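Shown next, in structure tokens, is the structure this report addresses.
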């Protein structure tokens, strides 16, 4: 990839992060939003902690779409969307958060709307039935990127570990976006 292509890819990803950040800011109550984070050993593209940093944790992993192919941050290659989604769902299965998302972002116009297959819908559910990984689509073809819910997330069980992680993270990191006090 040449320098211009790398810069363009960086711009697409940044616009996608801003779109997902705005989406979460609209959905949550006074969130703190962080970009490009390491959350308890997990590399996430967006992390939001609701209620000024003391509420539910929302973790987002990006999948990039480029000309009918898909890739995941970190150079894991290019494969079909269903295969990538299965891999990401499995990867996020143990993420310490109450909400988990996969955000597909486009470097080109979406030609057709993607609907998750029955296999993806089933795999997105927690083993115990409490929680479901959500899938978002970020369309970068417009002047203002838009986010659409392809599979609505459902809340996973909480734990003392998640609460303690959130407390420590908020105390040690500056949010990219937070409600001005």
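The values are calculated or read from the model by the stated rules, or taken from the named source; none is laboratory data. The model shown is predicted, which means the values in this text are computed figures rather than measured ones. Ideal geometry is used to build each Cβ from the backbone, glycine not excepted, and the neighbour counts take in all protein chains shown.
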Subject >> Hits in the range 14-34 (condition: surrounded by fewer than 19 Cβ atoms within 10 Å (Cβ to Cβ) and over 13 Å from residue 101 (Cβ atoms)) >> reply: 14, 15, 18, 22, 25, 26, 29, 30
Original post:
Could you give every pair whose Cβ atoms fall below 9 Å, whose first residue belongs to the range 163-176 and is within 18 Å of residue 21 (Cα to Cα), and whose second residue is surrounded by fewer than 11 Cβ atoms within 10 Å (Cβ to Cβ) and at pLDDT below 95, counting only separations of at least 6 or pairs across chains?
Top reply: none
Original post:
Which ones in the range 85-100 are within 15 Å of residue 47 (Cα to Cα) and modelled with pLDDT under 95?
Top reply: none
**OP:** Identify all residues within the range 35-59 that are under 12 Å from residue 178 (Cβ atoms) and crowded, with 23+ Cβ neighbours inside 10 Å; write none if there are none.
**Re:** 48, 49
**OP:** Only residues that are modelled with pLDDT of 95 or more, part of a loop (DSSP other than H, G, I, E, B) and out of contact with any strand residue (DSSP E or B) (no Cβ under 6 Å at 6 or more places or on another chain): list them for the range 101-126, please.
**Re:** 126
Original post:
Residues in the range 28-49: is at least one in a helix (DSSP H, G or I) and at negative phi?
Top reply: no
**OP:** Could you list, in sequence order, all residues of the range 151-172 that are assigned to a helix (DSSP H, G or I) and in contact with a helix residue (DSSP H, G or I) (Cβ under 7 Å, 6 or more places away or on another chain)?
**Re:** 166, 170
Subject >> Among the candidates 130, 72, residue that is over 24 Å from residue 26 (Cβ atoms), at pLDDT 95 or above and in contact with a strand residue (DSSP E or B) (Cβ under 9 Å, 6 or more places away or on another chain) >> reply: 130
Original post:
Among (1) touching a helix residue (DSSP H, G or I) at 6+ places or on another chain (Cβ under 9 Å); (2) under 16 Å from residue 151 (Cβ atoms); (3) at pLDDT 95 or above; (4) not in a strand (DSSP E or B), which single condition is residue 60 missing?
Top reply: (4)
